[in-house]
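The next block holds one structure in the form of structure tokens; read it before the comments.
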Amino acid sequence: MGRLEGKVALVTGAARGTGAEIASLFVQEGARVCVSDVIDDRGEAHAATLGDSAFYQPLDVRSEGAWSQAVDAVHERFGPIDLLVNNAAILDVRPIPELEVARIRDLLDVNLVGPMLGVRAVQPDMEALGRGSIVNMGSIDAMEGMGWVAPYVASKWGLRGFTKAAALELGQKGIRINLVCPAGGNRELTEGFRDNLQRRVEAGEKLSVKGLDHAVMGGRHASARDIANVVLFLASDEAAFCHGAEYLVDGGHTAGHIWFATG
Ligand SMILES: NC(=O)c1ccc[n+]([C@@H]2O[C@H](COP(=O)([O-])OP(=O)(O)OC[C@H]3O[C@@H](n4cnc5c(N)ncnc54)[C@H](O)[C@@H]3O)[C@@H](O)[C@H]2O)c1
């Protein structure tokens with residue numbers, strides 16, 4: 001018997017990367033899953049690989065209307081929602097003076113307002129059930145800073161704060177909420193990385209990345225499954241007393257600094 005047998009889940013940003021892996025693992029563990037995203041072709045294709053236990057629903061997390069349509073669609077297909085994974089996020093890599101106001105607002109809208117709307121959208125179901133688990137996707141950037149991604153860092157620290165505040169309201173209703181903080185996950189070069197950095201390199205700028213070589217686990221990078229396993233645990237009843245906390249999945253990245261090394 002799977003660890004999510006009988007549970008109904010909604011995963012945002014699940015067309016690819018970490019979200020897609022979470023949806024797959026949830027189905028494997030017995031859940032019925034709404035795969036949602038804004039890239040419909042990849043979302044449809046991923047849901048199709050999961051059979052009758054999954055369907056794709058377009059859901060731009062910035063839109064209240066899209067959230068209520070998604071909740072209606074899940075009700076029609078599977079029933080009330082037990083599990084929400086607020087995984088969708090965007091990233092933009094550029095120094096502060098180059099940040100446009102519209103882009104800053106967009107990053108905060110997707111990464112911070114989106115999950116808040118998600119909690120609001122599923123709370124009535126979870127209250128009626130008297131149970132539920134919500135997992136918000138943070139980052140090591142919810143625990144420390146990182147240059148060139150300031151609004152992303154601010155959005156993830158904000159999401160960490162929201163998770164704590166929401167825990168105080170939701171816990172009394174039997175609903176758990178937690179934050180997973182990965183370093184890595186999807187290894188695909190996504191838009192926010194590729195477009196800006198590629199343009200800079202093509203324009204002749206010499207770029208080097210420092211800090212990512214701080215690999216405590218011998219250079220191994222996180223796989224999407226490494227992250228999904230922790231999300232699965234927090235979604236499951238095994239995590240019955242885990243609430244309002246952050247769970248690092250960073251291979252020791254934030255454990256500290258190494259000053260001396262051999263080899
Ligand atoms: N990959 C990493 O190194 C890493 C590290 C730390 C944290 N994270 C976090 O893990 C989560 C998943 O990241 P990933 O690496 O799989 O990235 P990804 O870009 O592959 O996945 C994010 C998904 O969100 C979707 N999305 C974007 N805007 C949306 C919107 N407005 N509404 C709904 N969906 C939208 C994208 O289409 C995409 O499918 C994110 O919250 C990210 O911040 C990733």
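Going through region 211-256 one residue at a time, which ones are closer than 19 Å to Thr163 by Cα and of a type in the set (A, V, I, L, M)? Once the filter is applied, which keeps residues that are closer than 19 Å to Thr163 by Cα and of a type in the set (A, V, I, L, M), region 211-256 yields Ile227, Ala228, Val230, Val231, Leu232, Leu234, Ala235, Ala239, Ala240, Ala245, Leu248, Val249.
Would you mind stating whether Val71 is part of a helix (DSSP H, G or I), in contact with a Leu (Cβ under 9 Å, 6 or more places away or on another chain) and either within 15 Å of the ligand (Cβ to nearest atom) or in contact (Cβ under 8 Å) with a residue 12 or more places away in the chain (or both)? Yes; evaluated as a whole, the condition is true for this residue. Of the residues that make up region 222-233, is at least one assigned to a helix (DSSP H, G or I) and out of contact with any helix residue (DSSP H, G or I) (no Cβ under 8 Å at 6 or more places or on another chain)? Yes, because at least one residue in region 222-233 is assigned to a helix (DSSP H, G or I) and out of contact with any helix residue (DSSP H, G or I) (no Cβ under 8 Å at 6 or more places or on another chain).
The residue that is nearest to the ligand (Cβ to nearest atom), counting only those in region 54-68 that are under 16 Å from the mean Cα position of the chain (by Cα) and either surrounded by 24 or more Cβ atoms within 10 Å (Cβ to Cβ) or farther than 25 Å from Thr163 by Cβ (or both), is Val61.
Counting the residues of region 241-263 that are touching a residue at least 40 places away in the same chain (Cβ under 8 Å) and assigned to a loop (DSSP other than H, G, I, E, B) gives 10. Residue count for region 96-132 under the criterion of being away from the ligand (no atom under 14 Å from the Cβ) and touching a residue at least 24 places away in the same chain (Cβ under 8 Å): the result is 15. Inside region 79-94, residues that are surrounded by fewer than 24 Cβ atoms within 10 Å (Cβ to Cβ) and within 8 Å of the ligand (Cβ to nearest atom) make up a count of 2.
Of everything listed in (1) in a loop (DSSP other than H, G, I, E, B); (2) under 17 Å from the mean Cα position of the chain (by Cα); (3) at pLDDT 95 or above, the single unmet condition for Ser155 is (1). Every condition in (1) touching a Lys or Arg at 6+ places or on another chain (Cβ under 7 Å); (2) assigned to a helix (DSSP H, G or I); (3) surrounded by 17 or more Cβ atoms within 10 Å (Cβ to Cβ) holds for Gly118 except the one numbered (1).
Results for (1) within 16 Å of the ligand (Cβ to nearest atom); (2) of a type in the set (Asp, Glu); (3) part of a helix (DSSP H, G or I); (4) over 22 Å from Ala121 (Cα atoms), shown as yes or no for each residue.
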residue	(1), (2), (3), (4)
Glu5	no, yes, no, yes
Ala9	yes, no, no, no
Ser24	yes, no, yes, yes
Ser36	yes, no, no, no
Glu44	yes, yes, yes, yes
Asp52	no, yes, yes, yes
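When region 159-211 is filtered for residues that are modelled with pLDDT of 80 or more, in contact with a helix residue (DSSP H, G or I) (Cβ under 7 Å, 6 or more places away or on another chain) and within 16 Å of the ligand (Cβ to nearest atom), the ones remaining, listed by number, are Leu159, Arg160, Phe162, Ile177, Asn178, Leu179, Val180, Cys181, Pro182, Ala183, Gly185, Asn186.
Close contacts from region 27-46, counting a first residue that is within 21 Å of Pro115 (Cα to Cα) and among the acidic types (Asp, Glu) and a second that is at pLDDT 95 or above and in a helix (DSSP H, G or I), with Cβ to Cβ under 9 Å and a gap of 6+ residues or different chains, come to Asp37/Gly19; Asp37/Ala20; Asp37/Gly43; Asp37/His46. Criterion applied to Thr18, Thr49 was being surrounded by fewer than 20 Cβ atoms within 10 Å (Cβ to Cβ), modelled with pLDDT of 95 or more and either out of contact with any Lys or Arg (no Cβ under 7 Å at 6 or more places or on another chain) or under 30 Å from Trp157 (Cα atoms) (or both), and the one residue passing it is Thr49. Looking only at residues of region 133-151 that are out of contact with any Ser or Thr (no Cβ under 8 Å at 6 or more places or on another chain) and assigned to a helix (DSSP H, G or I), we find that the one that is farthest from the ligand (Cβ to nearest atom) is Ala150.
The values are calculated or read from the model by the stated rules, or taken from the named source; none is laboratory data. Bear in mind that the values here come from a model prediction, so they are computed numbers and not experimental data. In this analysis, Cβ positions are derived from the backbone assuming ideal geometry, glycine residues included, and neighbour counts consider all displayed protein chains.
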